[in-house]
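Engineer: If you scroll down you'll find the structure; I have some questions about it.
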Amino acid sequence: MAASLVRLHFHDCFVNGCDGSVLLDGSDGEKSALPNLNSVRGFDVVDTIKSSVESACPGVVSCADILAIAARDSVLLSGGNTWKVFLGRRDGLVANQTGANNGLPFPTDSLDTITQKFANVGLNQTDVVSLSGAHTIGLARCTTFSSRLFNFSGTGAADSTMDTEMVSDLQTLCPQSGDGNTTTSLDQNSTDLFDNHYFKNLLVGKGLLSSDQILFTGDAAASTTKSLVQNYSSDSGLFFSDFTNSMIKMGNINPKTGSNGEIRTNCRVVNS
């Protein structure tokens, strides 16, 4: 669940700030937004944590803070580093499906679009690259990268920036008429270990998502993100340091404090 819990924190903070809004149930909730539908998970884990916390100290720890701590511990337990999580966020009262559809990066977005979406919440290009490094753990569904395997951008062939052997393997795993929910590792050959292998893959055309590979390949990357990818691929300490700083920045996006928001008793619904 590690990658999924990190992603929940990320998808929460990019919409309405870090306020637990991604956890709210409802047909108009963020769970049903296109970037989240059939892909975000871990809600039952958060429910279990919340239940334990409420038993120990009711009405004290917000769902938003739980997401921030769970993301940190998921990185640590996967082999990454740790950091001090600032606490005191309160939970929002509304979800924002439109905000999730418009604000969350898509795997098919251009580098300029991704950079702008990060800038919209106060994050810079270093944050784009370092936080993308979270893809060193976790899985992706065929539907998020299948456009790279067949008739890419109307070329009639696969994406030429992807390693040819990897293309062949993925075409077998994800045939055009296959189940788009089949999954494979985001970080090929280093699935569950939080390390800098993700960046090493980008250097040889083995980024799974288009939004991964464009950090290294293409005109837009040449003068922006490419050098960071190279640096992280050769210096895991630098990656861990920048990733930590970026996670702290992300966790501080527009938090609700004081009398703003509430401490939800159940992370799925606002208090009655």
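Engineer: Collect the residues in the range 145-179 that are among the aliphatic types (A, V, I, L, M) and over 18 Å from N189 (Cβ atoms), keeping them in residue-number order. Walk me through how you get there before you give the answer.
Structural biologist: Initially, the range 145-179 is screened for residues among the aliphatic types (A, V, I, L, M), giving 149, 157-158, 162, 166-167, 170, 173.
Those that are among the aliphatic types (A, V, I, L, M) and over 18 Å from N189 (Cβ atoms): L149, A157, A158.
Engineer: I've got another one for you. Go through (1) under 24 Å from T257 (Cβ atoms); (2) of a type in the set (D, E, K, R); (3) free of Cβ contacts under 8 Å to residues at least 60 places away in the same chain for R89 and report which single condition fails.
Structural biologist: (3)
Engineer: Within the range 108-160, can you find the residues that are touching a strand residue (DSSP E or B) at 6+ places or on another chain (Cβ under 6 Å) and open to solvent by 60 Å² or more (accessible area, probe 1.4 Å)? Give the derivation first.
Structural biologist: In the first step, residues of the range 108-160 are kept if they are touching a strand residue (DSSP E or B) at 6+ places or on another chain (Cβ under 6 Å); the result is 139, 141.
Residue satisfying the conditions is L139 alone.
Engineer: Filter the range 165-181 down to the residues that are within 19 Å of S153 (Cβ to Cβ) and at pLDDT 95 or above, then identify the one that is most open to solvent (accessible area, probe 1.4 Å).
Structural biologist: Filtering the range 165-181 for residues that are within 19 Å of S153 (Cβ to Cβ) and at pLDDT 95 or above, the one most open to solvent (accessible area, probe 1.4 Å) comes out as Q171.
Engineer: What number of residues in the range 32-53 are touching a residue at least 12 places away in the same chain (Cβ under 8 Å), assigned to a helix (DSSP H, G or I) and not β-branched (V, I, T)?
Structural biologist: We begin by selecting, within the range 32-53, every residue touching a residue at least 12 places away in the same chain (Cβ under 8 Å); these are 32-36, 38-43, 45-47, 49-50, 53.
With the extra rule that they be assigned to a helix (DSSP H, G or I), the set shrinks to 32, 43, 45-47, 49-50, 53.
Of the ones still in play, those that are also not β-branched (V, I, T) are 32, 43, 47, 50.
Summing the residues that are touching a residue at least 12 places away in the same chain (Cβ under 8 Å), assigned to a helix (DSSP H, G or I) and not β-branched (V, I, T) in the range 32-53 gives 4.
Engineer: Only one of N38, N101 is more than 19 Å from M250 (Cβ to Cβ), open to solvent by 20 Å² or more (accessible area, probe 1.4 Å) and out of contact with any strand residue (DSSP E or B) (no Cβ under 8 Å at 6 or more places or on another chain); which?
Structural biologist: Numbers: N38 fails: out of contact with any strand residue (DSSP E or B) (no Cβ under 8 Å at 6 or more places or on another chain).
Going through N38, N101 in turn, just one is more than 19 Å from M250 (Cβ to Cβ), open to solvent by 20 Å² or more (accessible area, probe 1.4 Å) and out of contact with any strand residue (DSSP E or B) (no Cβ under 8 Å at 6 or more places or on another chain): N101.
Engineer: Follow-up question, since we're still on this one. Would you confirm whether any residue within the range 138-158 is among the hydroxyl-bearing types (S, T, Y), in contact with a Cys (Cβ under 6 Å, 6 or more places away or on another chain) and part of a helix (DSSP H, G or I)? Walk me through it before giving the result.
Structural biologist: Residues of the range 138-158 that are among the hydroxyl-bearing types (S, T, Y), as a first pass: 143-144, 146-147, 153, 155.
Now drop any that are not in contact with a Cys (Cβ under 6 Å, 6 or more places away or on another chain), which leaves 146.
Among the residues that remain, those that are also part of a helix (DSSP H, G or I) are: 146.
There is at least one residue in the range 138-158 that is among the hydroxyl-bearing types (S, T, Y), in contact with a Cys (Cβ under 6 Å, 6 or more places away or on another chain) and part of a helix (DSSP H, G or I).
Engineer: Also, quick follow-up: Mind listing whichever residues of the range 239-272 are open to solvent by 50 Å² or more (accessible area, probe 1.4 Å) and either assigned to a strand (DSSP E or B) or of a type in the set (A, V, I, L, M) (or both)?
Structural biologist: N266, V269, V270 - these are the residues of the range 239-272 that are open to solvent by 50 Å² or more (accessible area, probe 1.4 Å) and either assigned to a strand (DSSP E or B) or of a type in the set (A, V, I, L, M) (or both).
Engineer: Could you tell me which numbered condition G79 fails, if it satisfies all but one of (1) farther than 26 Å from H197 by Cβ; (2) in contact with an Asp or Glu (Cβ under 9 Å, 6 or more places away or on another chain)?
Structural biologist: All conditions pass for G79, except number (1).
Engineer: Any residue at all in the range 182-194 that's under 29 Å from E30 (Cα atoms), free of Cβ contacts under 8 Å to residues at least 60 places away in the same chain, acidic (D, E) and buried (at least 20 other Cβ atoms within 10 Å of the Cβ)?
Structural biologist: yes
Engineer: Let me ask something else about it. Return the total of residues in the range 158-188 being closer than 26 Å to L228 by Cβ and in contact with a helix residue (DSSP H, G or I) (Cβ under 7 Å, 6 or more places away or on another chain).
Structural biologist: The qualifying residues number 7.
Engineer: Additional query: Tally time: how many residues in the range 82-95 are on the phi < 0 side of the Ramachandran plot and open to solvent by less than 50 Å² (accessible area, probe 1.4 Å)? Can you show your working first?
Structural biologist: Within the range 82-95, the subset on the phi < 0 side of the Ramachandran plot is 82-87, 89-95.
Okay, now just the ones that are also open to solvent by less than 50 Å² (accessible area, probe 1.4 Å), so 83, 85, 89, 91-92, 95.
The qualifying residues number 6.
Engineer: Next question. Out of the range 1-26, which residues are among the β-branched types (V, I, T) and either open to solvent by 10 Å² or more (accessible area, probe 1.4 Å) or in a helix (DSSP H, G or I) (or both)? Can you show your working first?
Structural biologist: First pass over the range 1-26, keeping only residues among the β-branched types (V, I, T): 6, 15, 22.
Correct list: V6, V22.
The values are calculated or read from the model by the stated rules, or taken from the named source; none is laboratory data. What you see is a predicted model, and the numbers here were worked out from it, not measured in a lab. Cβ coordinates were reconstructed from backbone atoms using ideal geometry, including for glycine residues, and neighbour counts include every protein chain displayed. Surface areas here come from the heavy atoms of the whole protein model, side chains and all, with no ligands, DNA or RNA. Shrake-Rupley method; radii C 1.70, N 1.55, O 1.52, S 1.80 Å.
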